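A.B. asks: If you scroll down you'll find the structure; I have some questions about it.
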Amino acid sequence: MEKVLKLASEKGILIFSKSTCCLCYAVQMLFQDLGAKYHVHNIDHDPEGKEIEKALLRMGYNGPVPAVFIGGKLVGSTNEVMSLHLSGSLMPLLKPYRG
């Protein structure tokens, strides 16, 4: 869990992803289209990937990837990100990370 929290606090927008996940890609493209600078951590390329998944579960995240953190806080998966976007609540969260 320490690695997850450390990575999330170091990166403004962090997406825990898998390289073959189409929903992860969709979230990345949304952030790109909105001009947000984000970081992707592919857990399927990390030797500690299974531990990261377990840590996310301990944090209360039980969805599939992507697991999106903004400003060090767990936002959720694709559904939560898209809901925030459709409600107009995502842009204020992304504002500090737009370039």
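A.B. asks: Name every residue in segment 84-96 that is closer than 19 Å to K11 by Cβ and open to solvent by less than 60 Å² (accessible area, probe 1.4 Å), in order of residue number.
C.D. replies: L84, L90, L94
A.B. asks: Picking from G60, G71, which residue would you name as being of a type outside the set (K, R), open to solvent by 30 Å² or more (accessible area, probe 1.4 Å) and under 21 Å from Y97 (Cβ atoms)?
C.D. replies: Numbers: G60 fails: under 21 Å from Y97 (Cβ atoms).
Checking each option against the conditions leaves just G71.
A.B. asks: Taking segment 18-32 as the region of interest, how many residues are within 21 Å of N62 (Cα to Cα) and part of a helix (DSSP H, G or I)?
C.D. replies: First, pick out the residues of segment 18-32 that are within 21 Å of N62 (Cα to Cα): 18-28.
The next check asks that each one be part of a helix (DSSP H, G or I); those that pass are 22-28.
Residues in segment 18-32 being within 21 Å of N62 (Cα to Cα) and part of a helix (DSSP H, G or I): 7 in total.
A.B. asks: Those residues that are of a type in the set (G, A, S) and either open to solvent by 20 Å² or more (accessible area, probe 1.4 Å) or in contact with a Lys or Arg (Cβ under 9 Å, 6 or more places away or on another chain) (or both), I need them from segment 74-83; list them, please.
C.D. replies: Of segment 74-83, the ones of a type in the set (G, A, S) are 76-77, 83.
Passing the criteria: only S83.
A.B. asks: With the requirement that a residue be within 20 Å of H45 (Cβ to Cβ), touching a residue at least 12 places away in the same chain (Cβ under 8 Å) and open to solvent by 20 Å² or more (accessible area, probe 1.4 Å), what does segment 6-27 give you? So that I can check it myself, show each step before the final result.
C.D. replies: In the first step, residues of segment 6-27 are kept if they are within 20 Å of H45 (Cβ to Cβ); the result is 6-8, 10-11, 13-27.
Okay, now just the ones that are also touching a residue at least 12 places away in the same chain (Cβ under 8 Å), so 7-8, 11, 13-21, 23-24, 26-27.
Listed by number, the residues that qualify are L7, K11, K18, S19, T20, C21, L23, A26.
A.B. asks: Restricting to segment 28-51, what's the tally of residues that are open to solvent by 90 Å² or more (accessible area, probe 1.4 Å) and either within 28 Å of L86 (Cα to Cα) or in contact (Cβ under 8 Å) with a residue 12 or more places away in the chain (or both)? Reasoning before the result, please.
C.D. replies: We begin by selecting, within segment 28-51, every residue open to solvent by 90 Å² or more (accessible area, probe 1.4 Å); these are 32-33, 37, 45, 47-48, 50-51.
Still in the running and either within 28 Å of L86 (Cα to Cα) or in contact (Cβ under 8 Å) with a residue 12 or more places away in the chain (or both): 32-33, 37, 45, 48, 51.
So the count comes out to 6.
The values are calculated or read from the model by the stated rules, or taken from the named source; none is laboratory data. Quick caveat, the model's predicted, so the values are computed rather than measured. Heads up, the Cβs are rebuilt from the backbone with ideal geometry, glycines too, and the neighbour counts pull from every protein chain shown. Ligands, DNA and RNA are excluded from the accessible area calculation, which covers all protein heavy atoms including side chains. Shrake-Rupley method; radii C 1.70, N 1.55, O 1.52, S 1.80 Å.
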